[in-house]
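Trainee: Pasting in a structure now, in C-alpha cells, and then I'll have a few things to ask.
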Amino acid sequence: MNRTIDWDGDAIAILDQTLLPGEERVLRLRNVEELAEAIRSLRVRGAPALGVAGALGVALAVREARHVRAEADRAAALLSATRPTAVNLSWGIELARAQASKGAGAVLRAALELVEADVRTNRAMAELGAGWVAENIATPTRVLTHCNTGALACVEIGTALGVIAESYRRGLIGEVLATETRPLLQGSRLTAWELKRLGIPFRLVADGAAPSVIARGEVGLVMVGADRIAANGDVANKVGTFPLALAASRAGVPFVVVAPESTRDEGTASGAEIRIEERDEAEVLGYAGVRVAPEGAHAMNPAFDITQAELVTAIISESRVTVRR
C-alpha cells in the first residue's frame, strides 16, 4: 500500500500502524463504527491523516443512506468524539458533511478531493520547509524530531518528516535523532521504520534524554509537527514536545513546527483552551499486553502537551512561514 489511508472504491483502506514495524497489514473499513475504532486505537493516526479519515468516514456512512443529512450528522458525532485534540479530524468531517445536502455522491467527491489535496499540501510543505532550512540553518545539520510526522501521519510524504526527507535529499541534513515517543513508541516503531525506508541516517534517543542532548549542543534544529495551533501560536503536539521546546530555547537552537493550514484553529484563542486527550492508563502501565507496573499502580496518560508561542522559532505550512522568534 503506497498510502496510509485511501478509498478503494468500496471501503476505506488503511495501513494498520499498531502492527508496525513487524507487520504491514492493510485493513478495509466498511462502516463508520470500524473507522471510529481504528482512530481510537491509533490504527490510523496523525493530524492530516485524521482529517482525511473524518471526511472519508462521513462519505462511507452516507453511501447508501436514505436520509443523507441525518446519517452524515450521526457519523460526524461518532467520529468527532474519538480524538478531541487534533483539529484536523473535525475539519475533515465538516468539509464532507457540508456537501450532504447535495447527496452522497457530492460527499464522496469532497472526501476524495481532500485525499489528493493532502498529498499536494505535504509536497508544498516539504519544498517550502527545505528552503527555510537552507536559508536559516548551518548545514549539514543534525535534526531532532518527536513522535511520527511522516507519510504514516498523512496520506503521503508527511509534515515535519517530509521537510526532513527533502532537506536530506538536498544535502542539508546529515543525521536525524528520533525520540522513542512514549508510551506507545511512535518514534521507535514508526519514525524509525520510515527513516530506514527513506535511507536517511538516524539514531533513536529516549524521550528523557532528548532535552539534555539539545543542551549539550549536539542538535542544530528541532523540528516537530502539530495537532492544533491556536490563534496566538500556541502549539498542541504529542506529549513530550514542550520539554524539547524549553531545551531548544535555552540552548539557542531553532524549534520549528511544520503543519498544514488546516491545523490552525483561529477559533481557539490560546493553548489554554485546547482540550488535552487523556488516554487509557494501561498504555503507561504496560506495553504490548505485558504489565510492567505493579498491580494496584495507576497512571496519568495525557496524549498531548502545549508549547507556548514564544518558544517556537517558526511555523511552516504549505503556503507560508510564520516566524515567531
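The values are calculated or read from the model by the stated rules, or taken from the named source; none is laboratory data. Owing to the predicted nature of the structure, the values given are computational and were not obtained by experimental measurement. Cβ sites come from the backbone with ideal geometry, for glycine too, and all protein chains shown count toward neighbours.
Trainee: Which of the numbered conditions does L50 fail, given that it passes all the others? Conditions: (1) more than 16 Å from the chain's Cα centre (by Cα); (2) under 30 Å from V239 (Cα atoms); (3) of a type in the set (A, V, I, L, M).
Mentor: The one condition L50 does not meet is (1).
One line per residue, one yes/no per condition, for (1) within 21 Å of V115 (Cα to Cα); (2) among the basic types (K, R); (3) not in a loop (DSSP other than H, G, I, E, B):
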{"residue": "E37", "(1), (2), (3)": "yes, no, yes"}
{"residue": "G51", "(1), (2), (3)": "yes, no, yes"}
{"residue": "R66", "(1), (2), (3)": "no, yes, no"}
{"residue": "A70", "(1), (2), (3)": "no, no, yes"}
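Trainee: Here's something else I'd like to know. Would you mention how many residues in segment 287-306 are over 20 Å from the mean Cα position of the chain (by Cα), closer than 28 Å to R228 by Cα and not in a loop (DSSP other than H, G, I, E, B)?
Mentor: 1
Trainee: Out of everything in segment 8-25 that is in contact with a Leu (Cβ under 6 Å, 6 or more places away or on another chain) and part of a strand (DSSP E or B), what residue ends up being surrounded by the fewest Cβ atoms within 10 Å (Cβ to Cβ)?
Mentor: So the residue we want is I12.
Trainee: Against the definition (among the hydrophobic types (A, V, I, L, M, F, W, C) and not in a helix (DSSP H, G or I)), how does A59 come out, yes or no?
Mentor: So A59 fails the test.
Trainee: While we're here: What are the residues in segment 201-234 that are under 16 Å from S262 (Cα atoms) and in contact with a Gly (Cβ under 7 Å, 6 or more places away or on another chain), if any?
Mentor: Result: A230, D234.
Trainee: Tell me which of these R43 doesn't satisfy, since it passes every other one: (1) farther than 17 Å from L15 by Cβ; (2) assigned to a loop (DSSP other than H, G, I, E, B).
Mentor: (1)
Trainee: Every residue in segment 176-205 that is assigned to a loop (DSSP other than H, G, I, E, B) and either surrounded by 20 or more Cβ atoms within 10 Å (Cβ to Cβ) or touching a residue at least 12 places away in the same chain (Cβ under 8 Å) (or both), please.
Mentor: E180, T181, R182, P183, L184, L185, I200, P201
Trainee: Let me ask something else about it. Go through segment 110-138 and report how many residues are over 18 Å from the mean Cα position of the chain (by Cα), closer than 16 Å to G54 by Cβ and surrounded by 15 or more Cβ atoms within 10 Å (Cβ to Cβ).
Mentor: Adding up the residues that qualify gives 3.
Trainee: Considering only residues of segment 274-289 that are hydrophobic (A, V, I, L, M, F, W, C) and modelled with pLDDT of 95 or more, which is nearest to Q308 (Cα to Cα)?
Mentor: By that ranking, first place goes to I274.
Trainee: The conditions are (1) free of Cβ contacts under 8 Å to residues at least 60 places away in the same chain; (2) hydroxyl-bearing (S, T, Y); (3) closer than 15 Å to G225 by Cβ, and T159 fails exactly one of them. Which is it?
Mentor: For T159, the exception is condition (1).
Trainee: Also, I was wondering about something else. Can you confirm whether V213 is surrounded by fewer than 24 Cβ atoms within 10 Å (Cβ to Cβ), in contact with a strand residue (DSSP E or B) (Cβ under 7 Å, 6 or more places away or on another chain) and under 20 Å from P254 (Cβ atoms)?
Mentor: Judged against the criteria, V213 is a match.
Trainee: Are any residues in segment 158-175 more than 23 Å from M1 (Cα to Cα), of a type in the set (G, A, S) and crowded, with 24+ Cβ neighbours inside 10 Å, and if so, which ones?
Mentor: S167 - this is the single residue of segment 158-175 that is more than 23 Å from M1 (Cα to Cα), of a type in the set (G, A, S) and crowded, with 24+ Cβ neighbours inside 10 Å.
Trainee: Considering only residues that are loosely packed, with under 14 Cβ neighbours inside 10 Å and of a type outside the set (D, E, K, R), look in segment 261-276 and name the one that is nearest to G158 (Cα to Cα).
Mentor: G267
Residue-wise test of (1) charged (D, E, K, R); (2) more than 25 Å from G57 (Cα to Cα); (3) at pLDDT below 95.
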site	(1), (2), (3)
E94	yes, no, no
A110	no, no, no
V115	no, no, no
D118	yes, no, no
L128	no, yes, no
G131	no, yes, no
T149	no, no, no
C154	no, no, no
G158	no, no, no
